[in-house]
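Working notes, structure below.
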Ligand code: 5GP
């Protein structure tokens, strides 16, 4: 497989986290880029596995010293991709998956870096809302905020090379694998 940089973005509630986990289980050759974030860890999240959890000062230091390939503020927290992490993997011939928001996705696309962008959608806004509510973890205000930004994010999907609708999980995973294998020249 040729080493490629894959960008995967989705509005929250589209089921991206589950999809990405399945994908990584099935594609050994794909490396997940562990982002840096100022968001506090959620229950069960492990530092250095899910994210590198950091404080705002350290994060902004990384930005200022050019260590981020891209970064963005999402729901009041900062998230960024380490340049060295990605460069080293690609140089070693490994494909890298970036699970990042649309602002970060656009930054990578605009940078001229060779990448393959994939946007994941819920089948409809109604389903998206159902999924957000179904989590049962977020307050009404948070759900509304996420729905609003989901609409803005969906408007950006035309910038992405591929759009995958996550209706039936296995089908969406199969579609993602097909895109990745095709793009990586398998
Ligand atoms: P969460 O806090 O739910 O883990 O992630 C919130 C959003 O931040 C998701 O859309 C996720 O894809 C995005 N995100 C995670 N890491 C990065 C990153 O390194 N850069 C950018 N731009 N977005 C990220």
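Read the figures in this text as sums done on the coordinates, not as results from a lab. Values in this document were obtained by computation on a predicted structure and should not be read as measured data. We place every Cβ from the backbone using ideal geometry, glycine too, and count neighbours over all the protein chains shown.
Please compute one quarter of the surface area of the Cα convex hull for the chain and express it in square nanometres.
It is 10.4 nm².
Given Cα pairs under 8 Å that are at least 6 residues apart, what percent is the relative contact order of the range 5-183? Could you put the intermediate results ahead of the total?
Working: 256 pairs, mean separation 58.1, N = 179.
After rounding, I find 32 percent.
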For a footprinting-style exposure proxy, rank 155, 138, 101 by other Cβ within 10 Å, fewest first. 155, 138, 101
Cβ-Cβ FRET estimate between residue 65 and residue 109, R0 fixed at 25 Å, reported to 0.05: 0.60
Write down the percent of antiparallel bridges among all DSSP beta bridges whose residues are both part of the range 5-183, to the nearest 5. 30 percent
Quick check on the range 64-143: what does the Kirkwood estimate of hydrodynamic radius come out to from the alpha carbon pairs, in Å? 15.0 Å
Ranked from fewest to most other Cβ atoms within 10 Å of their own Cβ, 70, 145, 61 fall in the order 61, 145, 70
If you stretched the chain out fully between residue 141 and residue 47, how much longer would it get, using 0.36 nm times the residue separation minus the C-alpha to C-alpha distance? 31.0 nm
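Counting helices only, and only those DSSP H runs with n ≥ 4, report the 222 nm mean residue ellipticity of the chain as the sum of -39,500 (n - 2.57) divided by its residues, in deg cm²/dmol to the nearest 500.
My calculation for the chain gives -13000 deg cm²/dmol from helical runs alone.
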